[in-house]
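Engineer: My questions all concern the structure below.
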Amino acid sequence: MEKETIIRKTEQYVKARLEHDASGHDWSHIERVRRLGCWLAKQEGADLFIVEMAALLHDIADEKMAGSETNGMQAVQRWLWQLPLPTEESEHIVSAISTVSYKGGHGSPPQTLEAMVVQDADRLDALGAIGIARAFMYAGNRGHLLYDPALAVRETMTKEEYRHGRSTAIHHFYEKLLKLKDLLNTESAKKLAVDRHQFIEQFLRQFHREWNEASVD
């Protein structure tokens, strides 16, 4: 089976699993991460096939979607094992996927250039206008408040606190999204992140201005 066929089959598998997701991890997100990842791979000299496959499968493994990290990684491995891929390529894809998730800042660092590229592509999609839209989509899907100024921003937290502690849509910007620009791996991604990061900062200034204006008699 040619690699192009493997990619097409994987597309169909992922789309069937995620196309109706309403948390910001739907097929459109996968497509954007795949597109960004492939572009970054070309800029950085990474293996394009490994990057594309890992980008396609990265949210199949996400514990937010799969229920647990173990379940997610097992689903990815089952899919890869039934494909005619050399063991080293399957392991390379699994390794790249295993370090994508932020996990409250407790994720394992990427071990390969391909892992760095896929992680960067996923984090770029959490920035800018799309990142803002996805943050509110995720908060609404999880039943989080829009904002509570009495709630402190968590500067440090365990993975469990990050996943299940009390937060709001706006707090998520401070607890994760504004940190991403400085956590990117590749120079190509860092350049793309500048405008997206600044757009989030601009949005937050406007949000707080309007929030405070609304409380004026």
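Engineer: On the basis of being in contact (Cβ under 8 Å) with a residue 12 or more places away in the chain and either surrounded by fewer than 22 Cβ atoms within 10 Å (Cβ to Cβ) or of a type outside the set (Asp, Glu) (or both), does Lys64 make the cut?
Structural biologist: Considered against the rule, which asks whether it is in contact (Cβ under 8 Å) with a residue 12 or more places away in the chain and either surrounded by fewer than 22 Cβ atoms within 10 Å (Cβ to Cβ) or of a type outside the set (Asp, Glu) (or both), Lys64 comes out as yes.
Engineer: If you don't mind, there's one more thing I want to ask. Pull out all pairs, ordered by first then second residue, where Cβ-Cβ is under 9 Å, the residues are six or more apart or on different chains, the first lies in the stretch 67-84 and is closer than 18 Å to Glu52 by Cβ and touching a residue at least 40 places away in the same chain (Cβ under 8 Å), and the second is small (Gly, Ala, Ser) and part of a helix (DSSP H, G or I).
Structural biologist: Hits for this filter: Leu83/Ser90.
Engineer: Further question: Would you call Glu201 assigned to a helix (DSSP H, G or I) and without any contact (Cβ under 8 Å) to a residue 12 or more places away in the chain?
Structural biologist: On the way: assigned to a helix (DSSP H, G or I): yes; without any contact (Cβ under 8 Å) to a residue 12 or more places away in the chain: no.
Considered against the rule, which asks whether it is assigned to a helix (DSSP H, G or I) and without any contact (Cβ under 8 Å) to a residue 12 or more places away in the chain, Glu201 comes out as no.
Engineer: Residue check: is Val216 in a loop (DSSP other than H, G, I, E, B), modelled with pLDDT under 95 and under 18 Å from Arg35 (Cβ atoms)?
Structural biologist: No; evaluated as a whole, the condition is false for this residue.
Engineer: For the stretch 141-152, give me the residue count where each residue is surrounded by 13 or more Cβ atoms within 10 Å (Cβ to Cβ) and either without any contact (Cβ under 8 Å) to a residue 24 or more places away in the chain or under 13 Å from the mean Cα position of the chain (by Cα) (or both).
Structural biologist: Selection size over the stretch 141-152: 2.
Engineer: Just give me the residues in the stretch 24-48 being among the acidic types (Asp, Glu) and without any contact (Cβ under 8 Å) to a residue 40 or more places away in the chain, in sequence order. It would help to see each step written out before you state the result.
Structural biologist: Initially, the stretch 24-48 is screened for residues among the acidic types (Asp, Glu), giving 26, 31, 44, 47.
Of everything in the stretch 24-48, those that are among the acidic types (Asp, Glu) and without any contact (Cβ under 8 Å) to a residue 40 or more places away in the chain turn out to be Asp26, Glu31.
Engineer: Taking the stated definitions as given, is Glu2 surrounded by fewer than 18 Cβ atoms within 10 Å (Cβ to Cβ) and under 14 Å from the mean Cα position of the chain (by Cα)?
Structural biologist: no
Engineer: Any residue that is among the polar types (S, T, N, Q), more than 17 Å from Val194 (Cα to Cα), at pLDDT 95 or above and surrounded by fewer than 22 Cβ atoms within 10 Å (Cβ to Cβ) - is there at least one of those in the stretch 103-120? Can you show your working first?
Structural biologist: Of all residues in the stretch 103-120, those among the polar types (S, T, N, Q) come to 108, 111-112, 119.
Restricting the remaining residues to those that are more than 17 Å from Val194 (Cα to Cα) gives 108, 111-112.
Right, trim to at pLDDT 95 or above and you get 112.
In the following step, the residues that additionally are surrounded by fewer than 22 Cβ atoms within 10 Å (Cβ to Cβ) were identified as 112.
Yes, that holds for at least one residue.
Engineer: Name every residue in the stretch 191-207 that is surrounded by fewer than 16 Cβ atoms within 10 Å (Cβ to Cβ) and either farther than 21 Å from Met137 by Cβ or touching an Asp or Glu at 6+ places or on another chain (Cβ under 6 Å) (or both), in order of residue number.
Structural biologist: Within the stretch 191-207, Lys191, Val194, Asp195, Gln198, Arg205 qualify.
Engineer: Further question: Can you find, within the stretch 49-79, the residue that is nearest to Glu4 (Cα to Cα) among those that are modelled with pLDDT of 95 or more and among the aliphatic types (A, V, I, L, M)?
Structural biologist: Here the answer is Met53.
Engineer: While we're here: Can Ser90 be described as surrounded by 15 or more Cβ atoms within 10 Å (Cβ to Cβ), touching a Leu at 6+ places or on another chain (Cβ under 9 Å) and without any contact (Cβ under 8 Å) to a residue 40 or more places away in the chain?
Structural biologist: Judged against the criteria, Ser90 is a match.
Engineer: Next question. When you scan the stretch 7-23, do you find a residue that is touching a residue at least 60 places away in the same chain (Cβ under 8 Å), crowded, with 18+ Cβ neighbours inside 10 Å and not polar (S, T, N, Q), even just one?
Structural biologist: no
Engineer: I need the helices (runs of 4 or more DSSP H) fully contained in the stretch 26-92, keeping only those with at least 3 residues that are farther than 29 Å from Arg142 by Cβ.
Structural biologist: On the way: elements: 27-44, 48-57, 63-66, 69-81.
Qualifying helices (runs of 4 or more DSSP H): 27-44, 48-57.
Engineer: Which one is farthest from Ala189 (Cα to Cα), of the residues in the stretch 21-54 that are more than 17 Å from the chain's Cα centre (by Cα) and not aliphatic (A, V, I, L, M)?
Structural biologist: Phe49
The values are calculated or read from the model by the stated rules, or taken from the named source; none is laboratory data. Remember, predicted model here, so these are calculated numbers, not experimental data. Because the Cβ atoms are built from the backbone with ideal geometry, glycine has one as well, and the counts that use them run over all protein chains shown.
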